[in-house]
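Below is one structure, written out as structure tokens, with a few remarks after it.
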Amino acid sequence: MTRREEPFVPIRGNRVKMFVCGPTVYDDMHLGHARTYLAYDIIARFLRRAGYSLFYLMNITDVDDKIIQRASELRRDPLSVAREYERRFSEDLESLGITSVNLFARATEHVEEMIEQISVLIKKGFAYETETGVYYDVTKFPHYGELSHQDPSELIKHRVDPDPTKRHVHDFALWKKRPREEFGWNSPWGYGRPGWHIEDTAITVTYFGPTYDIHGGAIELIFPHHEAEIAQAEAFTGERPLVKYWTHTGLLTVDGEKMSKSLGNFITVREILSRYEPGVIRFYLASSHYRSPIDFKEENVAQAEQALESLRNAIDNLETIDVTESVEDSDLKFLEKARAHREEFMRSMCSDFNTPSAIAALFAFASEINRFLEREGRLNANVKNDALAILHEMTSILGIKKYRRVTELELTELYDLIRLLIDVRDALRRERKYELADEIRGRLEQMGIELEDTAGGTRWRIAGRPSSKDDDRNL
RNA sequence: GCCCGGGUGGCCGAGCGGUCUAGGCGGCGGCCUGCAGAGCCGUUUCACAGGGGUUCGAAUCCCCUCCCGGGCUCCA
């Protein structure tokens, strides 16, 4: 509300309640959506890692004009269309590694609560009924517009003609009366369906009560949606604030224009994931601060891919470094540096979840590893484990650890076979029979298997994918 | 019309009053390597839309201007 960064103090102990505006399930998720959900996924991972007990709630808008329109185009039942896209949404979240949401709450399963809230709002004089529906009288709520710095009387521009039965043009619908043949519910005000804004307050008040810690969503929702949420909830419960910390993600644009369904300039998560692995997309999006706008260019994704690869090379280097029992001064120094990089990483994340700055700390660590390896060529075993744990902590907050999507190749026989070829080739190399050795490497490469000779032995990997030794099930 | 953002070196992108440089990608040169890859070292001339101010000192604060985007239907 203050538009400033403020110290984060949860309402109760170390418990944090976070709500993020979820999707309207009538089409597939695109990169713009991914940007927002990814930002909150990282925030959630970080808060948990920082010791907070976080409950992350997201709504699913499964009743809405667009779904109904879509359903009628397809001549299908709106609810089945909603369920289908909800399922696809979950699949997309999963493939992006967005696993931090505790509970998804469907609008259609909270209609009772919405009706109750609307009844109370009418009783308290904040809402009124007309022949077309029930509306919230924004003049009754003095704080309306405070979050987005809007003066209601200045909101004069309308791209759609306001409903003529409303008292004020900016009053918003709580309940829309609709004919029987449409998808809807019975209510004290007749058959119809709820307005869009009421579902979130019904859901958050149900699960979180009158006030909670963090509310997330994209900046485009700040007005009127979030204003409406505040007006509804605070009028209903009589308590304020509804939310202690409001956060808004910046928009993803394409050629300077907002990526959106209506403009048709969107690229779906499924599409982009057919070309890049999830870690790359996560890294790309995390390379900008969550509040900043991002102008999408595929070449920048490719840039991110390069950057991520060099980071992962450093991780590989640390994982495969030779270990010794002895502890050298340089080992201790290295560990000290590793801890300092971790501190820097966490400090960045504490500063309004500054992922780009946190990533810089990660690169500093990577460079530390490579330089140490170059200089020392070995590392104490315990120090190595500690350093790897630190690295794991950092990469798992961002969710950019390596993915293993080569399940068809997980057959140990195949692994053994590749290893055999590598061993044979190494023998040839020792005998300086480079032509044959290079032919083996070349042929394997044609098959999509890349070899890389290092001081610690030959590594291999599936082209464009993380190295074989990586086994990441916990992203 | 009103309310918000944003404009940083070839590209991406932090910083938002002062210390030495953010960081990355790309380019170039070198080292290492049988070669390749990876890595390391160096380099890519004094970057901050423009103009005024405030200040000992501004990319960072104030004012004005320009450009781009978002909101005031629905939209992450």
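The values are calculated or read from the model by the stated rules, or taken from the named source; none is laboratory data. From a predicted model like this one, the values you see are computed outputs, not experimental measurements. FYI the Cβ positions are ideal-geometry reconstructions off the backbone, even for glycines, and counts take in every protein chain you see. Heavy atoms of the whole protein, side chains included, go into the accessibility calculation; ligands, DNA and RNA do not. Shrake-Rupley method; radii C 1.70, N 1.55, O 1.52, S 1.80 Å.
All of (1) in a helix (DSSP H, G or I); (2) within 6 Å of RNA strand B (Cβ to nearest atom) hold for A:SER262 with one exception: (1).
Within the set A:THR206, A:THR249, A:THR165, the sole residue that is modelled with pLDDT of 95 or more, of a type in the set (Val, Ile, Thr) and either open to solvent by less than 40 Å² (accessible area, probe 1.4 Å) or outside the structural domain of A:GLU116 (by TED's automatic domain parsing) (or both) turns out to be A:THR249.
Listed here are the residues, each with its yes/no results for (1) within 15 Å of A:ASP213 (Cβ to Cβ); (2) in contact with a Pro (Cβ under 9 Å, 6 or more places away or on another chain); (3) surrounded by 22 or more Cβ atoms within 10 Å (Cβ to Cβ).
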{"position": "A:ILE11", "(1), (2), (3)": "yes, no, no"}
{"position": "A:VAL16", "(1), (2), (3)": "yes, yes, yes"}
{"position": "A:LEU31", "(1), (2), (3)": "no, no, yes"}
{"position": "A:ARG49", "(1), (2), (3)": "no, no, no"}
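Of the set (1) without any contact (Cβ under 8 Å) to a residue 40 or more places away in the chain; (2) within 30 Å of A:SER260 (Cβ to Cβ); (3) open to solvent by less than 40 Å² (accessible area, probe 1.4 Å), all apply to A:GLU368 but (2). Only residues that are closer than 24 Å to A:GLY217 by Cα and either open to solvent by less than 20 Å² (accessible area, probe 1.4 Å) or in a loop (DSSP other than H, G, I, E, B) (or both) were counted in region A:112-134, giving 3.
The single condition from (1) open to solvent by 50 Å² or more (accessible area, probe 1.4 Å); (2) touching a Gly at 6+ places or on another chain (Cβ under 7 Å) that A:LEU308 fails is (1). Can we say A:PHE172 is within 16 Å of RNA strand B (Cβ to nearest atom), touching a residue at least 40 places away in the same chain (Cβ under 8 Å), in the same structural domain as A:THR61 (by TED's automatic domain parsing) and touching a Phe, Trp or Tyr at 6+ places or on another chain (Cβ under 7 Å)? Answer is yes for this residue. Of the residues making up region A:361-401, those that are under 30 Å from A:ILE98 (Cα atoms), of a type in the set (Gly, Ala, Ser) and away from RNA strand B (no atom under 11 Å from the Cβ) are A:ALA387, A:ALA389, A:SER396, A:GLY399.
Do we find a residue being within 12 Å of RNA strand B (Cβ to nearest atom) and either modelled with pLDDT of 95 or more or open to solvent by 10 Å² or more (accessible area, probe 1.4 Å) (or both) anywhere in region A:233-245? No; the residues of region A:233-245 include none that is within 12 Å of RNA strand B (Cβ to nearest atom) and either modelled with pLDDT of 95 or more or open to solvent by 10 Å² or more (accessible area, probe 1.4 Å) (or both).
May I ask you to list the residues in region A:172-193 that are among the small types (Gly, Ala, Ser) and open to solvent by 10 Å² or more (accessible area, probe 1.4 Å)? Write out each step before concluding.
We begin by selecting, within region A:172-193, every residue among the small types (Gly, Ala, Ser); these are A:173, A:184, A:187, A:190, A:192.
Within region A:172-193, A:ALA173, A:GLY184, A:SER187, A:GLY190 qualify.
A quick yes/no check of all residues on (1) more than 26 Å from A:ILE462 (Cβ to Cβ); (2) open to solvent by 60 Å² or more (accessible area, probe 1.4 Å); (3) modelled with pLDDT of 95 or more:
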{"position": "A:SER351", "(1), (2), (3)": "yes, no, no"}
{"position": "A:ARG425", "(1), (2), (3)": "no, no, no"}
{"position": "A:LEU428", "(1), (2), (3)": "no, no, no"}
{"position": "A:GLU435", "(1), (2), (3)": "no, yes, no"}
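Buried (at least 19 other Cβ atoms within 10 Å of the Cβ), over 28 Å from A:PRO7 (Cα atoms) and away from RNA strand B (no atom under 13 Å from the Cβ): is that true of A:ASP322 in this structure? Before you say what the answer is, go through the steps one by one.
Working: buried (at least 19 other Cβ atoms within 10 Å of the Cβ): no; over 28 Å from A:PRO7 (Cα atoms): yes; away from RNA strand B (no atom under 13 Å from the Cβ): yes.
Here the answer is no, as A:ASP322 does not meet what is asked.
Checked against (1) under 30 Å from the mean Cα position of the chain (by Cα); (2) surrounded by fewer than 18 Cβ atoms within 10 Å (Cβ to Cβ); (3) modelled with pLDDT under 95, A:TRP196 meets all criteria but (2). Here region A:292-301 is the region considered, the condition is being more than 7 Å from RNA strand B (Cβ to nearest atom) and in a helix (DSSP H, G or I), and the residue that is farthest from A:ALA364 (Cα to Cα) is A:GLU298.
For beta carbons closer than 9 Å, sequence separation of 6+ or different chains, a first residue in region A:254-266 that is in contact (Cβ under 8 Å) with a residue 60 or more places away in the chain and a second that is among the aromatic types (Phe, Trp, Tyr), the qualifying pairs are A:MET259/A:PHE266; A:MET259/A:PHE296; A:SER260/A:PHE266; A:LYS261/A:TYR26.
Among residues of region A:309-325 that are outside the structural domain of A:PHE372 (by TED's automatic domain parsing), none has a Cβ under 8 angstrom from a residue that is in a helix (DSSP H, G or I) and open to solvent by less than 50 Å² (accessible area, probe 1.4 Å) at a sequence gap of 6+ or on a separate chain.
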